[in-house]
1. Let me check against my output: what whole-number percent is the relative contact order of the chain, with C-alpha pairs under 8 Å and at least 6 apart?
2. How many nm separate the modelled label positions at A269 and L218, each set 7 Å beyond the Cα in the direction of the Cβ?
3. Mind putting a number on the dipole of the stretch 109-185 about its Cα centre? Charges go on the C-beta only, +1 for Lys and Arg and -1 for Asp and Glu, and I need it in Debye to the nearest 20.
4. For the stretch 1-128, what does the equivalent ellipsoid look like in terms of its semi-axes, each the square root of 5 times an eigenvalue of the Cα gyration tensor, given largest first in whole Å?
5. Where the only charges are on Cβ atoms (+1 Lys, Arg; -1 Asp, Glu), what is the dipole of the chain about its Cα centre, to the nearest 20 debye?
6. Taking every eigenvalue of the Cα gyration tensor of the stretch 67-188, multiplying by 5 and rooting it, what semi-axes result, largest first, whole Å?
7. Take every Cα pair under 8 Å in the stretch 114-221 that's 6+ residues apart, average their separations, divide by the length, and report that relative contact order as a whole percent.
8. Given +1 on the Cβ of Lys and Arg, -1 on the Cβ of Asp and Glu, and no further charges, what dipole in debye does the stretch 45-186 carry about its Cα centre, rounded to the nearest 20?
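The numbers here are math on the coordinates, done by the rules we state, and not lab data. The structure displayed is predicted, hence computed values, not measured ones. Note: ideal-geometry Cβ built from the backbone for every residue, glycine included; neighbour counts use all protein chains shown.
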Amino acid sequence: MEETIICQWSVFRSLLAILQWWTFNVTVIIMNKWIFQNLDFKFPLSVSCIHFICSSIGAYVVIKMLKLKPLIHVDPEDRWRRIFPMSFVFCINIVLGNVSLRYIPVSFMQTIKSFTPATTVVLQWLVWRKYFEWRIWASLVPIVGGILLASVTELSFNMFGFCAALFGCLATSTKTILAESLLHGYKFDSINTVYYMAPFATMILALPAMLLEGNGILEWLSIHPYPWSALIIIFTSGVLAFCLNFSIFYVIHSTTAVTFNVAGNLKVAVAVLVSWLIFKNPISYLNAVGCAVTLVGCTFYGYVRHMISQQPPVPGTPRTPRTPRTPRTPMSKMELLPLVNDKLDDKI
């Protein structure tokens, strides 16, 4: 009886974690699109900078004041030698995501972001000379095919937004590869990641945002009928962006890897559906098919990766170290797993 209650509580806890993760993620995406489209605040650099500021403050409060998470200490030298390069790529990743949201629908942007597993595998193959077995490559075929179909049939296609989303995938993959080489030895969770990277990202982005978008924001403030209400919405999106990081930490510790992968792909489907209900962007039948094929491909990719991770090593095969000393360290030609869970690029 007691075991049944514990099992039921575990299932309930997992469902609650997934639902609150979905809620924060979809809300942040929809709010950002609403800011660009309905509030006419077409300044993605400034929106990203506001998110970084809110996340920096939120992480400080959670770790230093409320002490809900222990601080992972990083040497001052490592902060500049390791954390700063990661923060730079991290900043580019978030900015490109917001730029793409300004120009293309949420549904199309989320579909393109599902291309991240493919770019991660290809970059690991090119940069680290990692060799993956044929099942990994085969699982990428529906992802690539679905995105091609969705792109060709997208009724609101914008080349600039498409390129921003695509380069955002490359930035996410680059961040993954850098994290494996630069952050080895540090077991960062999502909150500590934000604590160290968000202030650097703010410092990197603040000046470009002011120079490129400052005059436009002043003009927007002068002509917008309700500027203070709009600013409240913009800063609220920043607060929710930090809450999203906390929800990611919670869901990772409450679910299995397989559940997390499936939930991540269903989250994309939920975001696409909610955005369509709110913004009414036109979606053709073939475009919907392309999106569905992509999400099924991502789920299959996660399943294949999980199955390979459960395989016992082949007798006599030397084990490859999990963390190479440098990105160019030669690696044996054995089947290897892609580095990241591709759904963790939601942070901030």
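1. This gives 36 percent for the chain.
2. Label at A269, label at L218, 5.0 nm between them.
3. My answer is approximately 140 debye.
4. Equivalent ellipsoid of the stretch 1-128: 29, 24, 20 Å, largest first.
5. Result for the chain is approximately 620 debye, rounded to the nearest 20.
6. 30, 20, 12
7. 37 percent
8. 260 debye
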